[in-house]
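Readers should treat all values here as calculations from the given coordinates under stated rules, not as data from a laboratory. For clarity, every value in this text was computed on a predicted model and none was experimentally measured. Reconstructed Cβ throughout: ideal geometry from the backbone, glycine too, with neighbour counts over all protein chains shown.
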Amino acid sequence: MANRFSIIKNGVVKAIGLAILFLPWVQALAFSVENSPAFWGQEITLKGYLKSEQKYGPPGYGETPAVDVLKVVPRIVLFHAISVASNTTGIDIHIRQAQLVNFNQSDHAELNISTCVKVKGELFEAQSGHHYYDAVIDVTNVSECD
């Protein structure tokens, strides 16, 4: 009896040890997205790093740099790519970043560039020249990561 108990005990101890060892990896994978699977038009929370980049805007969006306005474009770079399924075609695309719309950096002065953030909002595909990345999130809430 004692022999069986020690085998079970050792197995449980090893399982707990492995769980503790791999927990940070599991948490990191868990998550660039908090609602999975993701669909276009869905309210979603993304987790990643806040970044911004200068891009050419109107009138030529880079075709006429001498007259095009330079815009600062905020985005979230996800820790891991996520799959987003189309509601109509069902085809998944993998995104690694999303442009933030309705996000004013000056309203979130406490968030520095390269800060880990959680961004909540509606995820949709780029629809115009003002959208510089394949995925765009219409921001409703931004907070620092826990």
Item checked: Number of the exception - I93 against (1) part of a strand (DSSP E or B); (2) within 23 Å of S143 (Cα to Cα) -> (2)
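What about Q105, is it closer than 27 Å to Y61 by Cα and within 13 Å of the chain's Cα centre (by Cα)?
no
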Next item on the list: Examine segment 53-75 for a residue that is part of a strand (DSSP E or B), touching a residue at least 12 places away in the same chain (Cβ under 8 Å), crowded, with 17+ Cβ neighbours inside 10 Å and hydroxyl-bearing (S, T, Y), and state whether such a residue exists.
Entry: yes
Notebook entry, point to check: Looking at segment 92-112, which of its residues are without any contact (Cβ under 8 Å) to a residue 40 or more places away in the chain and surrounded by fewer than 17 Cβ atoms within 10 Å (Cβ to Cβ)?
Noted result: D92, H94, R96, V101, N102, N104, S106, D107, A109, E110
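Could you tell me whether S143 is small (G, A, S), without any contact (Cβ under 8 Å) to a residue 60 or more places away in the chain and out of contact with any strand residue (DSSP E or B) (no Cβ under 9 Å at 6 or more places or on another chain)?
No: the conditions fail for S143.
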Item checked: Matching residues, segment 113-133, being buried (at least 17 other Cβ atoms within 10 Å of the Cβ), closer than 14 Å to G41 by Cβ and aliphatic (A, V, I, L, M) -> L123
